[in-house]
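The values are calculated or read from the model by the stated rules, or taken from the named source; none is laboratory data. Not measured: the values here are computed from a predicted model. Glycine also receives a Cβ, built like all others from the backbone with ideal geometry; neighbour counts cover every protein chain displayed. Calculation scope for accessible area: heavy atoms of the full protein, side chains included, ligands and nucleic acids excluded. Shrake-Rupley method; radii C 1.70, N 1.55, O 1.52, S 1.80 Å.
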Amino acid sequence: MGYYTKHKNGGYRLFAEAGRDMNGNRVRKTKVVYPSGPRELKRMLRDFEIEVEESADVVSKTMSFKGLVEYWQKNFAETNWASTTYSKNMYVLEEILEYYHPRNIQEIETAHLVEYFTKERKAGRKSLVKKYEILKSIFKKATEWNFFDVDPMIGVDKPKHRAKKRPFYDEDEIRQVLAILDKLRWHQSLIIRLAIFGALRREEILGIGMDAIHLKNNTIDIKRALVYTNEKGLELKETKSGEARTITLPKELLEEMNAYYKHILKIRMELGTANTRPNPEDRNGEPIKTTLTDHEGKEVTMLFTQVNGEVMRPDSVTQFWGRIVDRFELKKISFHDLRHSSASLLISQGINMKIVQERLGHSNIKTTLNIYGHITQKDDELASDVFTRNFINRAHSGHTATGSTPKIE
């Protein structure tokens, strides 16, 4: 919307928005006029707005694609995506910019985007679905911001997602892992058991505070996730689904977690890092971050920390698990696949899929079914065996399950 201010010698300065320049910066046009009265001033402002609006389309479409991406990052992605989602997607965006770089957005048409994804497929590049989703977001918002009359991503087919079957441990392999736990450090043993017994993500395990453990009913609240990004460092966020959940764990495990906390608290008191002062320091005099503020504004002391009480980064779990796999010659799976091992075992033992979904923290049961469809296929075979045992095998030799031979006419 245009406006005006008084200017010297009885004149007025008109202002009107003219879109964005090639770098995504807002462009504002001005003009000094000398109307004979208020009515003519309003007419001049209206005419100036129309003039600028007609030229704004040309200005916005000469914006560079890189400028559009930076504008989208600043005005949408940074403020609407979770920090971990933003950080991961920016890696993918860098690859998009490496292979897709029109000079300005005026050159972009649907056919060009179709050709881009065709080349990506032929080159065998990865993350095509993620690249599609990022470009879809960029051009959808750009169309809403009037950089395009029609969204150029309309008509671009979404690449097919070819989900790979994730490796997991079966019951015997889980027993092998549990058998070596007494050879590990205490916190490592507890973290691995939480992944297996609770089907928890590493971020959820490291986000556990003592306020989440309920010894009376053997439950634990999964309501936080400890995440790390280069942009923001360590943060206590909501869980991946955005919803808290409560799961039941073996009584012995919860009691051991409580004993572990008392043990490390004693060590931290000896080191002077048990919150006995506002900002404990390490040997170099640097402040030690022993607590974090969660998404609800609550100051939380995590159960699993470094020896001095400093908050532990999630990738440290991945690192020690890799060393354990190599040291004990276990089947190579990622730490996250311990969670899949847990869910697979539950399903194979006949636990209701809805319960498994809630335990995993999936917001939609379709997600659970998509990931563990290979398990349910085996269950379907078992379902068929019910009829084989009860009807086919019990039928008389040479007869069908009904006990009679059909006539051939």
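Points worth noting:
- Computed across region 37-160, the Kirkwood hydrodynamic radius from all distinct Cα-Cα pairs reaches 16.2 Å.
- Protein-only accessible surface at a 1.4 angstrom probe places the residues T143, T293 in the order T293, T143, largest first.
- In this entry, region 177-247 is assigned a mean projected area of 5.8 nm², taken as a quarter of its C-alpha convex hull surface.
- Computing FRET efficiency as 1/(1 + (r/R0)^6) for R28 and K8, where r is the C-beta to C-beta distance and R0 is 22 Å, gives about 0.65.
- Of all aspartates and glutamates in the structure, those lying under 14 Å Cα to Cα from K141, and not within fewer than 8 positions of it along the same chain, are E70, E78, E133, D149, D151.
- Greater than 23 Å apart at Cα, pairs in K31/K74; K88/K237; K136/K237: K31/K74; K136/K237
- Residues K232 and E51, FRET efficiency given R0 of 41 Å [Cβ-Cβ distance, rounded to 0.05]: 0.40
- At most 15 other Cβ within 10 Å, DSSP loop - trypsin sites (Lys or Arg not before Pro), region 171-279: R185, K216, K232
- With DNA, RNA and ligands ignored, accessible area of S137 (1.4 Å probe; Å², nearest 10): 20
- In the complete set of protein chains, residue-level accessible area for Y3 is approximately 100 Å², probe 1.4 angstrom.
- Counting only heavy atoms of the protein chains and using a 1.4 Å probe, Y86 has close to 30 Å² of accessible surface.
- Relative intensity, log₁₀ I(q)/I(0), of region 115-157 from a Debye sum that treats every alpha carbon as a point, q = 0.21, 0.28 Å⁻¹: -0.69, -0.96
- Measuring how big region 123-210 is from its alpha-carbon positions, Rg and Dmax come out at 22.2, 65 Å.
- In this structure region 149-234 gives 54 Å² per residue of accessible area when probed at 1.4 Å with all protein chains present.
- By the rule of a C-alpha distance below 17 Å, with chain neighbours fewer than 8 residues away ignored, the lysines paired with K165 are K126, K331, K332, K366, K378.
- Accessible-area composition of region 165-219, carbon plus sulfur, in percent [1.4 Å probe]: 49
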